[in-house]
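Below you'll find the structure, written out as structure tokens, and then a few comments.
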Amino acid sequence: MILLFLSSGLFLGWSLGANDAANIFGSAVGTKMVKFRTAAIIASIFVIMGAVIQGSGAAHTLGKLGQVNALAGSFTVALSAAITVLFMTKYRLPVSTSQAIVGAIIGWNFYTGNPTDHNSLTKIVSTWIFAPILGGIFAVILYQLQKVVIERSKIHLIKLDSFLRTGLLIVGAFGAYSLGANNIANVMGVFIDAAPTGDLTFGFLKLTGIQQLFLLGASSIAIGIITYSKKIMSTVGNKLFALSTEAALVVVLAHSLVLFVFSSQGLSDAVQSIGLPAIPLVPVSSSQAIIGAILGIGLLKGGKEIKLDVMGGIAIGWITTPIAAGVITFFSLFFMEHVFVLQVQDTETKIELSQSNDIKTAQGDKDYKTVQAKN
Amino acid sequence: MALFKSSKSVIRDIEEYIDKIDQGGLLFKKGIVDYLDEREKSFQDVLLSIRKEEGKADTLRRKIENELYLHSLLPEHRGDLMRLLEKMDDIMDLMKENLYQFDVEEPTVPEEIHDDFKRLADLSISAVEELLPAVRVYFTDPKAVKDRLHRVYFYEKETDKLALEIKRSIFKKIPNLRQSQKIHLRYFTLHIENVSDAAEVVADILTIMAIKRIQ
């Protein structure tokens, strides 16, 4: 029964894998620098590693936004987000699973009358704007750095090609890891209540309940990559990167850094330790981080290549995706509750917002689940 | 590791290919001088050598092209690079063909323009000789390509000027030449001149390729 409810999250994971792997390996595969088979294997392995090792940070913030506490509710939230992604992809509208899931959670909050944590919402929305900007900044710095290194080293073009090819694989692996770490929250975040309670031990490897749930979600992302991303990598990926291989490497690295920054508890702690504010651990849009990085390089080159319609599309996507997901969730929950007579929220529990802004997400730490207090 | 190994092999082949064109130029100059100085044996040796070098260059070019496709090397620059290599091959072909035309058609070159003919071959090959370092530097420092190519354009223009002078001498200054002989000599002047024109074509392609890499 649990697996049936989880299916919507797994479907969302599958579509995320099919779409977002193109951001990481689209350029490499599209230009035939890397074989699809190699790209798919690397992406699948690292997306799972990222999700299991570092996935809980962003999930925590999503959990604070709205604690979807009944399986049928979680199913509806994830399904609505998946439908939004599917619908917007079909009509070629810019879409992000991160924005869809946030909209869907808020839709659940509205329907069930649970409060939305404005602090978390502000944190998440501001990150959506900062993620592409940060992607652009990273890309500009990395591009300039790379240019200086290539010029000074006077490396032979063919040798450079080999290095870039290896670089694309390494950066792609890092990108997949960051994608798993950051975006697993979108796929499995709302199902945290359904996570197994016992630990699973494989020799020296111990997986907590949440890690087991994330492993399952990440596997669906991996299946999405293996089964459906080839076409997108060879077409959309290639179109998205009308850039040189050097620039493509920088763009993927910048994107990966953005995703990593917004999912690394260690980095956030390090930043805090030197007296700076903590980095919000939030699921960000992989596509928008990539577009931000491309725009950064576009601006560096004089801004001639910047397409205003793409920028407009991003801005519209920020608004339309969460709203559409929220509305779909609201009506789907009504349908679930009144037609299928399923419990979409646990009325026994009432959500209390965490008073603390501290982010406490040690691996497998399920403490944040207990922010729910029994009425 | 296999990737780095194949890269090294392609780099070595490209360098060797450029060397072959360079040797072709030297042989061409020697061949013209030998023909004009009527050193038949030496001229025949040159013919044999240039044919061998041209054959080796062809093999190398095909090998490079195969390697580039087989290992999907340089997907972004591959098309341009293949065109560059093919146009460089045209230079080699032209040099070989020209010497064979001298061998087959045996044009009678009047004594008065012997030196001009030798100088023409020298200038035309200078354009090729200046082109080759630019091709080499394209792979490591594309910004330096432009600095080297201006010498190619210079020698090409100088070749044009001298060819025009030679043609003027043939048709207007040298007495007792039959019309057929004049036309024959004009063609041979043109043949030598064409080598620098082929170098100019490669220089144009290289300029665009370098700009693409700098951007």
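The values are calculated or read from the model by the stated rules, or taken from the named source; none is laboratory data. Remember, predicted model here, so these are calculated numbers, not experimental data. Note: ideal-geometry Cβ built from the backbone for every residue, glycine included; neighbour counts use all protein chains shown. For accessibility, only protein heavy atoms count, side chains too; no ligands or nucleic acids. Shrake-Rupley method; radii C 1.70, N 1.55, O 1.52, S 1.80 Å.
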Could you pull out the residue among B:L99, B:L47 that is away from every other protein chain (no Cβ under 14 Å) and either touching a Ser or Thr at 6+ places or on another chain (Cβ under 7 Å) or surrounded by fewer than 22 Cβ atoms within 10 Å (Cβ to Cβ) (or both)? B:L47
Selection within segment A:163-184 - within 12 Å of chain B (Cβ to nearest Cβ) and over 9 Å from A:L249 (Cβ atoms): A:F163, A:R165, A:T166, A:L169
Filtering segment A:67-99 down to residues that are of a type in the set (V, I, T) and not in a loop (DSSP other than H, G, I, E, B), which residue is most open to solvent (accessible area, probe 1.4 Å)? A:I83
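Considering only residues that are within 14 Å of another protein chain (Cβ to nearest Cβ) and in contact (Cβ under 8 Å) with a residue 40 or more places away in the chain, look in segment A:283-302 and name the one that is farthest from A:A248 (Cα to Cα).
For segment A:283-302, the residue satisfying everything is A:L300.
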If you go through A:L169, A:L179, A:L164, the only one that is open to solvent by 40 Å² or more (accessible area, probe 1.4 Å), of a type in the set (A, V, I, L, M), farther than 22 Å from A:V68 by Cα and in a helix (DSSP H, G or I) is A:L169
Applying the selection to segment B:185-204, what residues are among the β-branched types (V, I, T) and either open to solvent by 30 Å² or more (accessible area, probe 1.4 Å) or outside any helix (DSSP H, G or I) (or both)? B:V201
Of the residues B:K8, B:K52, which is within 14 Å of another protein chain (Cβ to nearest Cβ), under 24 Å from B:E86 (Cα atoms) and open to solvent by 40 Å² or more (accessible area, probe 1.4 Å)? B:K8
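With part of a helix (DSSP H, G or I) and touching a Phe, Trp or Tyr at 6+ places or on another chain (Cβ under 7 Å) as the only criterion, which of B:K182, B:K172, B:K157 stands out?
Working: B:K172 fails: touching a Phe, Trp or Tyr at 6+ places or on another chain (Cβ under 7 Å); B:K157 fails: touching a Phe, Trp or Tyr at 6+ places or on another chain (Cβ under 7 Å).
Residue meeting the stated conditions: B:K182.
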Condition broken by A:T61, with the remaining ones in (1) within 14 Å of chain B (Cβ to nearest Cβ); (2) buried (at least 24 other Cβ atoms within 10 Å of the Cβ); (3) of a type in the set (S, T, Y) satisfied: (1)
Count of segment A:1-58 residues which are within 14 Å of chain B (Cβ to nearest Cβ), open to solvent by 10 Å² or more (accessible area, probe 1.4 Å) and assigned to a helix (DSSP H, G or I): 5
Hey, any hits in segment A:145-161 for a residue that's within 30 Å of A:A59 (Cα to Cα) and either open to solvent by 60 Å² or more (accessible area, probe 1.4 Å) or within 14 Å of chain B (Cβ to nearest Cβ) (or both)? no
From B:I192, B:I205, B:I174, B:I166, which residue is of a type in the set (V, I, T) and at pLDDT below 95? B:I174
